[in-house]
Structure formats: C-alpha cells, structure tokens
1. Please work out which one of (1) within 9 Å of another protein chain (Cβ to nearest Cβ); (2) open to solvent by less than 20 Å² (accessible area, probe 1.4 Å); (3) among the charged types (D, E, K, R) is the condition A:Asp61 fails and give its number.
2. Which fully enclosed strands (runs of 3 or more DSSP E) of segment A:86-142 have 2 or more residues being β-branched (Val, Ile, Thr)?
3. Is it true that some residue in segment A:114-127 is of a type in the set (D, E, K, R) and over 25 Å from A:Glu307 (Cβ atoms)?
4. Count, please, the residues in segment A:274-320 that happen to be among the acidic types (Asp, Glu) and either in contact (Cβ under 8 Å) with a residue 60 or more places away in the chain or open to solvent by less than 10 Å² (accessible area, probe 1.4 Å) (or both).
5. Failed condition for A:Phe267, given (1) at pLDDT 90 or above; (2) in contact with a His (Cβ under 6 Å, 6 or more places away or on another chain), with all others met?
6. Going through A:Val295, A:Val313 one at a time, which residue ends up being in contact with a Cys (Cβ under 9 Å, 6 or more places away or on another chain) and closer than 14 Å to A:Leu13 by Cβ?
7. When you look at A:Asp73, is it outside any loop (DSSP other than H, G, I, E, B), away from chain B (no Cβ under 12 Å) and without any contact (Cβ under 8 Å) to a residue 60 or more places away in the chain, yes or no?
8. Would you point out which residue out of B:Arg71, B:Arg35, B:Arg81 is more than 30 Å from A:Glu268 (Cβ to Cβ), more than 14 Å from chain A (Cβ to nearest Cβ) and surrounded by 10 or more Cβ atoms within 10 Å (Cβ to Cβ)?
Amino acid sequence: MRPILLQGHERSLTQIKFNKEGDLLFSCSKDHIINVWFSHNGERLGTYDGHNGTVWTVDVDAKSELLVSGSADNQLRLWSVATGKCLFVWEFPTAVKRVAFGEDDTKIVCITEQRMGHQCAIRVFDINREEPTRQSKEPLHMFNIIGSKATVCAFTYTPNVILTGHESGKVSLFDVRSGEEIENNERAHSDVVTDLQLCKDQTYFITSSKDKSARILDIRNLMPIKTYTTETPLNSAAIAPNRPYVLLGGGQDAMSVTTTSLRQGKFETRFWHRVFEEEVGRVKGHFGPINTIAVHPAGTCYASGGEDGFIRVHHFDESYLRAKPYGDLEIMD
Amino acid sequence: MWRMVLTSVSLPIPFVISVPPVEVISDTVDENGVRTTIEYAINDEGKKVKITKRTRRVLQKSVVEHAVAERLAWAKFGKERGSKPGPDMATTTVGEHLVLKISVGNKSAEPEQTAEQAMKANLQKAGAGKVTCRLCKGDHFTAKCPYKDTLAGLDATENPDADTGEGPAPSAGGPPGAGGPGTGGKYVPPSMRAGASAGTQMGARSGSDLPTLRVTNVSEDTQESDLRDLFGKFGRVARVYVGRDRETGAGKGFAFVSFEDRENAQKAIEKVNGMGYDNLILSVGWSQPRPEGPGGGGGPGGR
C-alpha cells in the first residue's frame, strides 16, 4: 500500500477523526488549525480558522453538518462542516481537552483542564440544530471531577451516562445529571489514559495508556476483556471494524526522542489481534511518536497523526482484507 | 477515455502572465493503454528541454452514498478557498510503498537487539563465525575489550595462530579468516590460505616477516630513537615501534624492534636481555614463538 501523506499542519497532531461515512478526515494540531481532508485521495477540502491556541480535540456529528472543537485558548467552538464558518463559541476559564458528540447529535460533552485554581470539569451542552448560531451559553449539566483529572471522555448508549479515562489510569462511568460516579475501575491502567475509542456497537471500548498497554474493557462493568502489552508508551488505540485487529500507536515521549535512534524509537503503528492478544503486523513511517490513530468506519483505511506533523492515510491492500493469520476463523463484528 | 480539453479564454486582465511555452510534439496511446506524451518546453534557465511523460489512466468506479457524492462537490473553504479541484501537491503527497504483512508470531516477544548484537548476527549470517576479542578472547569486539588498555599491544604476541595460517587455527578460535580452506566454505584471502608462501604477502619486507624482538619493561619516556641507538649496535634496525597510550602519548612499557638480519637479532637478545636501561631491567625476546625458519615474526606488522 502507498500511504498518502498530508502536510497541512506545522506542528504535532493532537487528534484525527473520520466522519460517519469515512469520506472526510478531520485533523487538529498544535498549530491552531483544523483541517478537513477527503480520505480517498488526500485532497484538502478546507480549514477551520479561528482558534488561537493548540486545538486539542475535534468531533463531528453523524450527519457531517456540525463540527465541534476544543482548544487551549479556553474556547469550545461549533463549526459548519461544509463552509468552515464558526457558528458558536463557548468560553471557559481553562483549556478544553476533549469533546465528543452524543449518540443523537443533540448533545456534546467536554472536559476542561485542571489549572489555575480551577478544577477539572465536565460540561454537557444541548445543541440547537435548528439554529446552530443560537446556542445556550450555560451548560445543561456540569460537575467537577474529584481526584485524578479526566483526560478522555465519550457518550455511551445509556442516556446521560458518559465514559471517562483519567490521569491516574482510572476509567469511570458518570451520570451527568448528578455528577455521580456509577462505576469505576481504578486499576484499568497504571498511568495516564491517552485515548478511548468505542467499538461499533458500543458494548466495549479500547483505551491506550502511557503504561505501555492498551486494553479492551467491557462498558457495563469496566472490566478488562483483553490486554495488549507493548514496549512503548501508547498515545492512541483504535479498533479496526470488520477485521479482528486493533491498532496501537505511540512511541517515547517527545523529550527523549532526540537521544535515541529512529529504529529504537518504536514509531510504528502496531496491529494486534483483537482476540489472541498477539502482534500481527507493523507499519512504519512516522519520524516521531504517533499521537493519534483513526480507522475508517468501513475498515478499508486508517490514518495516523504524529508528533512529526504528518498525517499518513493508508488504504489497505486486498491482502490485508483477505489475511487469515489464524486460519479459517471469522470473528463476527 | 478521458481527455483534458484546453480552451483559450480571453480574460479581461490588463496585464500579461508569462507562461513558459509548451509545445506538444506527440501524444500517442499504445495497445496497453499507456499514453506517451512528448513535449518541448523552455526551462528556468532558458534552455529547451524535452519532456516525455508516460501515464496510464484507469477509470475507477465506486458506488458511494448520496451524502458522500454531494460532499465531493462542496466548494473549498478556509485556506483552500478558490483552489482548483484535486489534491494539491503542497499538502498532499504519496509516500513510499509499504508492506503490511499480517502474520502470526508475537513480534513484541522478540527481544530488542542492541546495535552490537545486530552486527554480530549479521556477521554470523555472512559466515564470519563467532566474534572473538583479539586481546582477551572474550565474546566481544576488540574495540570494546575491557582489558584494552592493559593488553593492547601484546595482542600479537598473545595470538600465536593468527598469522601462521597453519596449525589448529579453526578449533583454537583464532580470528575470522585465520583458518585454512577447510573452514566452512567462507572466503579466505589467498594470502591466508595454507599453501600461500610468506613471500606473496603484501609488503613482505615491511616488517611482518622481519625478525622482530619484543622488548618489555621499557621506561615510560623511552623514544624510538633511543631504542634505535641501543639496538643499532648489533646490526641494521629496520623498524622500531614503541607502544604508547593513545591519549597521553606516554610509553606503555613495551616496544618492538625489527632487525633486517636474524643473526643480529639473536645477538641482540643475548646481549640486551636483562640489561639495565634507565632505571629498569629490559626483557627481550622473540616477539612470537616462531616455527622453523624465517617468517612468522608478527610484531607491529600484525597490528
């Protein structure tokens, strides 16, 4: 396969995301820009300009109409996907580290950083889809996280329940109405949870962590189902739809990169078998740690964004789709 | 078949844009569908260049959802506002071909090789055998020897099999290449082969086959010229080498002296061995236990 290299960012990538059909790829980075690309040929459709700080996170709704982004300039912005216009801006006392759309696209959840005397807070906003420029400034629900701050979050199918990953390695379920912790697993990881992605039917999810492992956890009781232990801190983990693999990306911290060789850097995307917990393949290419990985919803391509500022979009070969490393064993998705 | 149609449109622009003139000479499509376009253009240096392009166009059809097809027609915005359709080379390039091979076998279980281990493995693959230190016979490169400072310079004397090419070299674990032609089909240079005579060696008279004495217990500040004076009394001295510390340049207490004549060397051993020199008592001997006859004197030549 020949990867498509997207060079629309001048600084390291923070998050990339496919839309529901997988034809658009959204990317955000520390250079304040959000880009949108056509995934089939790497053509840049446009940019969303306006943030004045590192854009930490983006998410797109299921209809690919609205885009939401969170940035270190303490803003949460709502954009029109088609035109690049900013529709609404929310202001917070601290940086926005993670955003996610709810299942029916009428709610968003965001995490704001714990800093300057402000606690890490989770806010849920109602999205007015009729008139996107008229949104409520006040969150629908808001609560502070007690203890270790939250780093990643996502909505679940259960109404008003969100899933969070924390700096201590804890994974929790919260009821957003009361701010009550419904369920938690303190020992899901032993270090910062860096990414959290749900599987298609949302019965389980994958988390990656700086503790060098990624785990598939059951969404009901947050118990680990599978563990993938690598030799490098992980920044991102994704589940490959239709194939029994998970994709893990990471590498040593940016600060120690200059002191080690490229080969030892471990800047590869690793493919692990989802069930047998064995590594089945690797893809090289990045010059720095991989910060974020996203897989096309149809499982035909994946993209990785690195500390080197590149996004690499890989359309899988036929051999990947046909490969049966463990014989005639099919896994239903 | 797709075809680019170029139409000239008179634009109401009050200035002229200079476009390098491109002259298309031929444009053919062969039976495999490969289009060959030959054109001449003037490059930046004002020189006329011939450009031959071979392209193959493959029409790919795909069925996409209605929403996806609609999005393909969206106008570009932001920094891409007004850009023409199609990927821009400034932001989108195609990388090198990669192979993703999905296979069983826990790749993470393989221990990480250090650079040295990898090199050893490569040597082994290339048939060079085991890595053996020339100084202490340990399982590491000579340059990495922990006893480098104390043993360096004595290496030639400690390694009797090294240059003879005879004797039980392969089994004794001599350095790679020292063995006879029987060592597993690997390449042995002609000079190292058992049948090779000493005279065929490069620089035969340069010292490797000269009668060489090893002088030890030499004081630190002894110079080459001092030893040349001392041994010059017995006959013509071909070469003097004093072992020195690489950093400080101070002598390490040993030296090699090559004579042109074997009798003179023998005489020198008898006279100088046990002689006081500076404040020390010199010890002189053949630099290598030799087989019969001339040749085999390793000395500094073996380094």
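The values are calculated or read from the model by the stated rules, or taken from the named source; none is laboratory data. Keep in mind that what you see is a predicted model, and the values were worked out from it rather than measured. Neighbour counts are summed over all protein chains in view; Cβ atoms, including those assigned to glycine, are modelled from backbone coordinates with ideal geometry. All accessible areas refer to the heavy atoms of the entire protein, side chains included, with ligands and DNA or RNA removed. Shrake-Rupley method; radii C 1.70, N 1.55, O 1.52, S 1.80 Å.
1. In the conditions (1) within 9 Å of another protein chain (Cβ to nearest Cβ); (2) open to solvent by less than 20 Å² (accessible area, probe 1.4 Å); (3) among the charged types (D, E, K, R), A:Asp61 misses (1) alone.
2. Working: elements: A:86-91, A:96-101, A:107-112, A:121-126.
Result: A:96-101, A:107-112, A:121-126.
3. Filtering segment A:114-127 for residues of a type in the set (D, E, K, R) gives A:115, A:123, A:126.
From what is left, the residues that are over 25 Å from A:Glu307 (Cβ atoms) are A:123, A:126.
Yes, segment A:114-127 has at least one match.
4. Start the filter on segment A:274-320 by keeping residues that are among the acidic types (Asp, Glu), which leaves A:277-279, A:307-308, A:317-318.
Keeping just the survivors that are either in contact (Cβ under 8 Å) with a residue 60 or more places away in the chain or open to solvent by less than 10 Å² (accessible area, probe 1.4 Å) (or both) gives A:279, A:307-308, A:317.
So the count comes out to 4.
5. (1)
6. The match here is A:Val313.
7. Taking the combined requirement at face value, the residue does not satisfy it.
8. Result of the check over B:Arg71, B:Arg35, B:Arg81: B:Arg35.
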